[in-house]
Amino acid sequence: MEAADAASLAVHTQDLAKRYGKTVALSGLTMSVRRAEVFGFLGPNGAGKTTAVKLLVGLAHPTAGEAWVLGAPVGDLQTRRRLGYLPELFRYQGWMKAREVLGLHCELSRMPRSDWNAEIASALELVGLSDRADDKVEGFSKGMQQRLGLGVALLGRPELVLLDEPTSALDPVGRHDVREIIRTLKARGTAVFLNSHLLTEVEQICDRLAVVDHGRVIATGTMAQILGQDGAVRVRVTGLPAGGRAGLGEFGSLEDEGEWLTFRGLPSERVPQLVAEIVRQGGRVYAVEPRHETLEDRFLQLLKEQDQ
Amino acid sequence: MTQVLTIARLTILEASRRKLLLALGILTVVVIVLTSWGFSRLPTMSGVTPAEVRLASSQLTILVAFMFSGVLALGSTLVAAPSIASDIESGIALAILPRPIRRSQLLMGKWLGLAVLVGIYAAGSGLLELLGIWLATGYTPPNPVAALTFVAAEGIVLMTLALLLSTRLAPMTGGVIALVFFFVAWIGGIALAIGQTFANDTIINIGVGSRLLIPTDGLWHGAIFYLEPTDFLAAARAAGRARAGNPFFADQPPPAIYVGWVIAWLAGLLALANVSFARRDL
């Protein structure tokens, strides 16, 4: 990829690979994250999600391949000033106060000292820790530490924020808050790389996503592209002659569950035609339910296809 | 350099906040008060001459210095061995290193902070102890500043070794290995003294090898030399073989080339630590 192309993206990886001894953590990861988009990164345990994030922030070194972050090769020191990162498993210095932790990261980010107070106050406010600013971190619950970590990642209005399981320790209120924060970041023009196990979370806030398995991207695109454009319809029918069912194959792939028939890949405008055909063949229709495939369904289906 | 100073300040602040400095300070003052009281008893013993008080004071000063150098060496190992390893294990390093800071800056900041702590402790405890001894007996060693410099250098050498091990090994493992090296070097120093006394080349080579490999004992002997009064040195040299193997006696100051070797050793170990840490996947 040309440097100019990479510069227009928040993240770009090309055949990125990582091996730990004999264990292959990433195997030719190629993906792009656009600027100002919320990008979900999904995969089962051990798929290489955290490894990918660590490679992007320079905590691990790739075995092969290349990666660019905000247009610069990974590890570039200047670029890191425009980067926010919340690790999956982390801890801050327990002997420090929350305000001091944020101050330390302002200092390490080489932010002008005159901006520190405003940045710290803004981060504390955003993650709901203003009233605990002068408490030592060692007294924080896991959820509060995660909030603080999110605050640290947002310091200095970064252009790209990488969040590795940002809500794993949060209660439902905290998860809602994080979703709102991510929406705020998107509105500011910040790209968010969200590594999460929580599919509903990804479904709600991500513009695009990639599904990884065994260190490779097995699907990528917008939510609609991943879930498939065509929906499915379930119909409860009685009295349909045996031969009639076979004739319904033209409406999509049919799953016969007794009284319930599921038609996959059926455009919604053809649903009345389907019902009319069933009635014409002597069937009695009791219910017609559009079936929306959830991200979880699709995710599991993708992994199953990959294994086959 | 700014990032190095930030981490150095953080390291010193951590030692202070975790009450390491307070605990060490209180214990040190207690030890100094007790030893000074002990020294003050020397001139009050029946029939003792001023020369005997001076001789006993010089020997006891070396023993007290040995205790402080031991505390410093063991203490700096215990603090340095987890410094990088614990940050990696706990995830603190994961949060810090994606910032615009090189791993070498983090490592050198830790080293600088720990070296300052070692220097402060060596100077503070050493000067206070020598003041106590002077008040109690009127005795001062011939070159206390040089002696304390060697004691501090011994602590810094062991701290640097522990820091190197900390880039790859768990805190406990790194700490134990560093301490094993420290005591092996001490035994190596005794072997060297015995080899020199009996002119045995094999033992001399083993002793010299250990001093080059781990310079803690070589530096300790530098400290001893600068704590020995001239008249004591002359008497000890006259005793010949009777002094063989005494770990609290130094016949000569460390040669300049040895001091140069120690500086090169420190630079080499720091370079190795930087390479080791830079290549590690976190």
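The values are calculated or read from the model by the stated rules, or taken from the named source; none is laboratory data. Remember, it's a predicted structure, so these values are computed and weren't measured experimentally. When we count neighbours, we look across all protein chains shown, and the Cβ atoms used for this are built from the backbone with ideal geometry, even at glycine. Note: areas computed on protein heavy atoms with side chains; ligands, DNA, RNA excluded. Shrake-Rupley method; radii C 1.70, N 1.55, O 1.52, S 1.80 Å.
Some observations on this one:
- Any hit, the range A:13-27, residues being surrounded by 18 or more Cβ atoms within 10 Å (Cβ to Cβ) and closer than 22 Å to A:Gln146 by Cβ: no
- Members of the range A:182-225 found to be open to solvent by 10 Å² or more (accessible area, probe 1.4 Å) and of a type in the set (A, V, I, L, M), listed by number: A:Ala187, A:Leu198, A:Leu199, A:Ile205, A:Val217, A:Ile218, A:Ala219, A:Met223, A:Ala224
- Test: residue in the range B:253-275 that is among the polar types (S, T, N, Q), open to solvent by less than 20 Å² (accessible area, probe 1.4 Å) and in a helix (DSSP H, G or I): no
Okay, residues lined up against (1) more than 9 Å from chain B (Cβ to nearest Cβ); (2) on the phi > 0 side of the Ramachandran plot; (3) open to solvent by 50 Å² or more (accessible area, probe 1.4 Å):
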position	(1), (2), (3)
A:Gly65	yes, yes, no
A:Trp68	yes, no, no
A:Leu77	no, no, no
A:Arg81	no, no, yes
A:Tyr92	no, no, no
A:Trp95	no, no, no
A:His105	no, no, no
A:Ser109	no, no, no
A:Arg113	yes, no, yes
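Yes/no per residue for (1) hydroxyl-bearing (Ser, Thr, Tyr); (2) within 16 Å of the chain's Cα centre (by Cα); (3) closer than 18 Å to B:Gly75 by Cβ:
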site: B:Leu112; (1), (2), (3): no, yes, yes
site: B:Ala115; (1), (2), (3): no, yes, yes
site: B:Ala122; (1), (2), (3): no, yes, yes
site: B:Pro144; (1), (2), (3): no, yes, no
site: B:Leu148; (1), (2), (3): no, yes, yes
site: B:Leu163; (1), (2), (3): no, yes, yes
site: B:Ile177; (1), (2), (3): no, no, yes
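- Per the listing B:Leu94, B:Leu161, the residue uniquely more than 25 Å from B:Leu27 (Cβ to Cβ), part of a helix (DSSP H, G or I) and not β-branched (Val, Ile, Thr) is B:Leu94.
- Among the residues of the range B:14-55, the one identified as more than 22 Å from the chain's Cα centre (by Cα), more than 21 Å from B:Glu129 (Cβ to Cβ) and modelled with pLDDT of 90 or more is B:Arg17.
- Members of the range A:276-308 that are touching a strand residue (DSSP E or B) at 6+ places or on another chain (Cβ under 9 Å), farther than 17 Å from A:Ala47 by Cα and in contact (Cβ under 8 Å) with a residue 60 or more places away in the chain: A:Arg291, A:His292, A:Glu293, A:Leu295
- Checked against the criterion of being within 21 Å of the chain's Cα centre (by Cα) and within 12 Å of chain B (Cβ to nearest Cβ), the candidates A:Leu170, A:Leu160, A:Leu154 yield just one match: A:Leu160.
- Those strands (runs of 3 or more DSSP E) of the range A:191-308 in which 2 or more residues are among the aliphatic types (A, V, I, L, M) occupy A:191-195, A:208-213, A:216-222, A:232-238, A:284-291.
- Screening A:Gln273 against (1) in contact with a helix residue (DSSP H, G or I) (Cβ under 7 Å, 6 or more places away or on another chain); (2) open to solvent by 10 Å² or more (accessible area, probe 1.4 Å); (3) free of Cβ contacts under 8 Å to residues at least 40 places away in the same chain leaves a single unmet condition, (1).
- Any hit, the range B:19-41, residues being within 10 Å of chain A (Cβ to nearest Cβ), part of a helix (DSSP H, G or I) and open to solvent by 10 Å² or more (accessible area, probe 1.4 Å): no
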